Amino acid sequence: MTENSKDPLHGVTLEMMLIKLVEYYGWEDLGTRIKINCFISDPSINSSLKFLRKTEWARKKVERLYLRYLRHSAME
């Protein structure tokens, strides 16, 4: 097993993370958990991806929430 394969984010695109989070939490809850305008005002996958790809701090918050989602899903 390579070192990268131990990383739960390895091979997971930002789009895949965002889709899973929106399916699980919904836009409203996602906007409450991560307070960024693209999740609150007229949210869409495409507009959110554009913002997240340009804004590292916001992308890191999405990655952290996705990791929490994975841990929570594994416990169910």
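Readers should treat all values here as calculations from the given coordinates under stated rules, not as data from a laboratory. What you see is a predicted model; the values in this text were computed from it and never measured. Neighbour counts run over all protein chains shown; Cβ positions are idealised from the backbone, glycine included.
With the calculation restricted to Cα positions, what are the radius of gyration and Dmax of the chain in angstrom?
When restricted to Cα atoms, the chain yields Rg and Dmax of 12.7, 43 Å.
For the chain, compute the number of Lys pairs whose alpha carbons are separated by less than 17 Å, excluding pairs fewer than 8 positions apart on the same chain.
Numbers: Lys20/Lys60; Lys20/Lys61; Lys35/Lys50; Lys35/Lys54; Lys35/Lys60; Lys35/Lys61; Lys50/Lys60; Lys50/Lys61.
Taking the chain as the scope, the lysine pair count is 8.
Filter the trypsin sites (Lys or Arg not before Pro) in the chain to those in DSSP coil with at most 11 other Cβ atoms within 10 Å of their Cβ, and list the result.
Details: sites: Lys6, Lys20, Arg33, Lys35, Lys50, Arg53, Lys54, Arg59, Lys60, Lys61, Arg64, Arg68, Arg71; in loops: Lys35.
Of the trypsin sites (Lys or Arg not before Pro), the ones in loops of the chain whose Cβ has at most 11 other Cβ atoms within 10 Å are Lys35.
When the Cα centres of the stretch 4-22 and the stretch 41-58 are compared, how far apart do they sit, in Å?
A separation of 15 Å, based on Cα centres.
Can you compute the charge dipole magnitude of the stretch 12-75 about its Cα centre, using +1 on each Lys and Arg Cβ and -1 on each Asp and Glu Cβ, nothing else charged? Give it in debye, rounded to the nearest 20.
Values: 12 positive and 7 negative charges, 69 e Å.
For this selection, approximately 340 debye.
Per-residue ellipticity at 222 nm for the chain, helices alone: DSSP H runs ≥ 4 residues times -39500 (n - 2.57), over residue total, nearest 500 deg cm²/dmol? Show your work: numbers first, answer last.
On the way: 4 runs with 54 residues, N = 76.
After summing the helix terms and dividing by the residues of the chain, the value is -22500 deg cm²/dmol.
Calculate how steeply helix 45-54 sits against the longest principal axis of the alpha-carbon atoms of the chain, using the helix alpha-carbon long axis, and give the answer as 0 to 90 degrees to the nearest 10.
Computed tilt is about 70 degrees.
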